[in-house]
Structures are given as structure tokens and as C-alpha cells.
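These notes concern the structure reproduced below.
The values are calculated or read from the model by the stated rules, or taken from the named source; none is laboratory data. Computed from a prediction, not measured in an experiment: that's the story for all the values here. Glycine gets a Cβ as well: all are built from the backbone with ideal geometry, and neighbour counts include every protein chain shown.
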Amino acid sequence: MALIPISEALDRLLEGADALPAESVALADAWDRVLAAPLMALRTQPPFDASAMDGYAVRGRNVATAPARLQVVGTAAAGHSFGGRVGDGEAVRIFTGAPLPADCDTVVIQENVRDLGDGAIEVLEPASMGRNVRKAGLDFAEGDLLLEAGRRLDAAALSLAAAANHPRLDVVRRPLVAIVATGDELATPGSAIGPDQIIASNAYGVAAAARSVGAATLDLGIAPDSREAIAALVRKAVAAGADVIVTLGGASVGDHDLVHDVLTAEGMKLGFWRIAMRPGKPLMFGRLDGIRCLGLPGNPVASLVCSQLFLKPLLSRLGGRPFRQDMREARLGIAMAANDRRQDYVRAVVVKEDEGALVATPFGTQDSSMLKMMADANGLVIREPFAPAVEEGAACRVLMLR
């Protein structure tokens with residue numbers, strides 16, 4: 001199968017990837033979820049005219065000029081209204097958030113009042129009609145549209161939903177990603193490690209990439225290089241209701257690269273296999289009934305780069321989230337040689353100069369097994385296929401990672 005361009009691979013990957021169905025969750029569990037339907041107000045906020053300050057509720061005409069002497073006839077606190085009548089020349093001691101008495105329309109702040117004793121006060125400065133009063137419905141009214149479908153629920157959105165009396169919210173279901181690592185050479189961190197083994201690191205980075213766009217993850221562990229073992233974990237993923245199965249390693253064309261054959265035997269229809277990119281050439285995609293299968297390369301850097309370019313956009317689409325790669329214009333901190341037929345993603349350190357321009361300096365070695373270099377990099381310089389050699393200071397495009 002010929003190498004296909006990245007843009008074509010991404011189009012095939014995202015074709016038909018619509019937001020998953022809605023589910024209802026408790027308000028306390030809705031942080032960072034995506035609204036599946038418009039959110040309407042179930043009540044008016046505030047539900048009554050309320051005091052915005054501590055002070056005295058009065059009739060505005062009684063304090064249009066100052067000084068003004070008034071008699072205090074009661075108290076209103078938050079959650080406890082004053083139910084009596086307030087006549088001319090009278091006032092009610094009131095606190096922030098308390099319902100305004102029916103006969104009052106203005107609140108005089110306590111700093112502008114002098115206590116005369118025996119329940120009498122003197123208003124020292126005039127107050128305009130309606131001052132320091134939050135009118136009913138100031139924030140929103142019952143039936144108002146508060147949030148559009150597709151809104152990611154942050155702290156402010158959750159507070160708004162609560163104020164509108166929503167104990168539960170309809171949100172887009174999180175995509176479930178089942179992760180299957182493959183290879184006899186792999187051992188989990190902290191386990192007994194054989195002399196010919198290496199630590200399995202890919203699953204942790206891929207899971208973090210998935211969770212960063214709102215997905216749920218299921219790590220099914222490591223399958224040795226046997227068709228039966230890989231097939232068993234794939235079936236576990238199907239039984240768990242995975243929306244996406246991500247395999248790590250085993251998707252190349254060597255004698256021990258069995259993932260393609262196993263997935264095909266399980267019923268996967270191949271979408272593409274092998275991409276004109278570096279790192280990440282062995283990337284594979286297919287569909288197993290309604291499940292999307294993404295075979296990531298075994299090299300850890302390639303796995304992380306492919307997660308950024310393919311897995312995160314796919315999961316964002318399934319989760320109802322907008323996704324946009326953080327692309328920047330920069331100039332190169334070093335000269336670069338001509339590129340071959342594959343689009344290259346070159347790990348680099350990107351810094352901002354005093355005048356604000358970005359300078360991207362690629363690492364000298366770009367081996368796709370080098371995780372420390374990937375952790376040190378904060379951007380990927382994108383080199384188009386057959387890009388000519390360029391000198392230091394040449395313009396370049398950078399995909400920012402952090």
C-alpha cells in the first residue's frame with residue numbers, strides 16, 4: 001500500500017466522526033463535559049428584588065434630599081424577608097441578598113447612615129431612586145437561553161447551571177479509548193524486567209493525550225507477540241464498549257508485527273496503512289463495526305506525535321469538542337537540509353525573542369525513540385515533502401506542543 005499524505009489520512013480518519021449520543025450526569029460530575037443540548041433557565045435570578053448592599057431599605061422619595069430622619073420598623077436578612085408594611089418616614093434594616101420589602105424601592109448603604117438611638121436613623125447623603133437594588137431577573141429570567149449546545153462546562157458555566165436550578169445536565173458521552181500495547185520486549189514500570197526487555201511507556205503518554213481532550217481511557221495492558229493474545233485484548237476492548245481501540249506497536253511489516261492481521265481477522269475494514277510522515281510512517285486506521293481502530297507506531301516519540309496529529313482530533317470530534325492545532329509562524333535557529341518525500345515533524349525548542357518573534361531551534365538528533373528530547377521540546381517544526389535546504393533565520397511553521 002502506497003504512503004498517503006497526512007491531509008488525506010486525517011480526512012479518512014474523521015469521516016463520519018460525529019459527536020456521540022448524550023447522557024445525563026449530576027451537576028457535580030459535569031465539569032469539563034460538553035453540553036449536548038441548549039441550557040434553559042428553570043427559574044428567574046434573582047427571583048425577587050434584592051438588596052445589593054448592607055444598609056436600610058427605604059422609599060426613594062424619602063431620601064431624595066439629605067439629611068433625612070427615618071424610623072426603623074424591622075429587619076430583612078438573606079433568606080428572611082420583612083413581611084410588614086413600610087410607610088413614609090420609615091425604613092427596614094436590610095442585608096445583602098435579602099428580599100426588598102414590598103413598599104421599598106431603594107437601599108441606603110449603612111456607611112451613609114447615623115444611628116440616632118431609639119430606632120431612629122439619619123440618612124446623611126441623598127440616594128437616587130432604585131439605588132443598590134438588584135431587580136428581579138437582573139441576571140436571567142425563567143425560560144431564557146443560558147448556554148448553547150456544545151459549550152464546554154467550565155467553572156462559570158457550572159455555577160450558572162446551578163443558579164438556574166439544574167441538578168443534572170445532558171452532556172455528550174465521553175469517548176472510551178481502549179489501549180492495547182503489544183510486544184514481547186515490553187515490561188511495565190516497576191515490574192521484574194528481563195535482560196532483553198524495555199519499559200512500556202507509550203500507553204501513559206497516549207492515555208494522557210486522550211484525557212486532555214475529554215476522553216475516558218481503558219488500559220488493557222501488554223499483549224505478547226502472539227495472534228491469540230492480541231485478539232484476546234481486542235475482544236476485551238469490544239466487550240467494554242470502546243469507541244476507539246488504540247494499539248501500540250506491531251503495525252509495521254515485520255514478522256512480529258501482527259496487529260494488522262489480527263484486527264483484519266476480527267473484522268476490521270482497513271482505512272489506510274502507512275503515512276508519508278516522519279515520525280509515524282506505520283500509522284494504521286480501520287473500522288471494526290462501529291469502533292475506530294488506530295494502530296500507532298511502537299516508537300514512543302512517533303506514538304506521541306501521531307496522538308497529537310490524529311488521535312486528539314478524532315476524540316475531540318467524537319466528544320463534541322472543537323479542536324485546532326496551535327500553529328505558529330517562526331524562524332529557524334539553525335540551517336536545515338533538504339527534506340525527502342515524507343512530511344517531517346522535527347522536535348524543537350521554541351523561544352520568544354525580546355521583539356516578540358518566535359525562534360525554533362531543532363535538536364540535532366531526531367531519533368523517534370528519544371523521549372527526553374520529546375519532553376524537552378515544546379514545538380514541532382513542520383517540513384513539507386521535498387522542502388529545499390534552508391539557512392538559519394528562514395521562515396518556518398511550528399506546531400506548538402506546550
**Of the criteria (1) under 30 Å from PRO224 (Cα atoms); (2) touching a Ser or Thr at 6+ places or on another chain (Cβ under 8 Å), which one ARG174 fails** = (2)
**Asked** For region 23-55, which residues satisfy the criterion of being over 24 Å from the mean Cα position of the chain (by Cα), of a type in the set (S, T, N, Q) and part of a strand (DSSP E or B)?
**Response** GLN45, SER51
**Item:** Restricting region 177-198 to residues that are touching a Ser or Thr at 6+ places or on another chain (Cβ under 7 Å) and among the hydrophobic types (A, V, I, L, M, F, W, C), the residue that is surrounded by the fewest Cβ atoms within 10 Å (Cβ to Cβ)
**Value:** ILE179
**Asked** Does region 328-335 contain any residue that is of a type in the set (Val, Ile, Thr) and out of contact with any Ser or Thr (no Cβ under 7 Å at 6 or more places or on another chain)?
**Response** no
**Request:** Would you confirm whether any residue within region 283-297 is without any contact (Cβ under 8 Å) to a residue 60 or more places away in the chain, of a type in the set (Gly, Ala, Ser) and crowded, with 17+ Cβ neighbours inside 10 Å?
**Result:** yes
**Message:** Please list, ordered by residue number, the strands (runs of 3 or more DSSP E) wholly in region 143-246 having 3 or more residues that are in contact (Cβ under 8 Å) with a residue 60 or more places away in the chain.
**Reply:** 145-147, 168-172, 176-182
**Qualifying residues in region 9-58 (those that are touching a residue at least 60 places away in the same chain (Cβ under 8 Å) and charged (D, E, K, R)) - the one farthest from ALA120 (Cα to Cα)** = ARG12
**Message:** So, in region 389-400, exactly how many residues are touching a Gly at 6+ places or on another chain (Cβ under 8 Å) and in a strand (DSSP E or B)?
**Reply:** 3
**Message:** Six or more apart or on different chains, Cβ atoms under 9 Å: show the pairs whose first residue is in region 313-338 and outside the structural domain of ARG292 (by TED's automatic domain parsing) and within 30 Å of GLU355 (Cα to Cα) and whose second is of a type in the set (Phe, Trp, Tyr) and surrounded by fewer than 19 Cβ atoms within 10 Å (Cβ to Cβ).
**Reply:** ALA338/PHE386
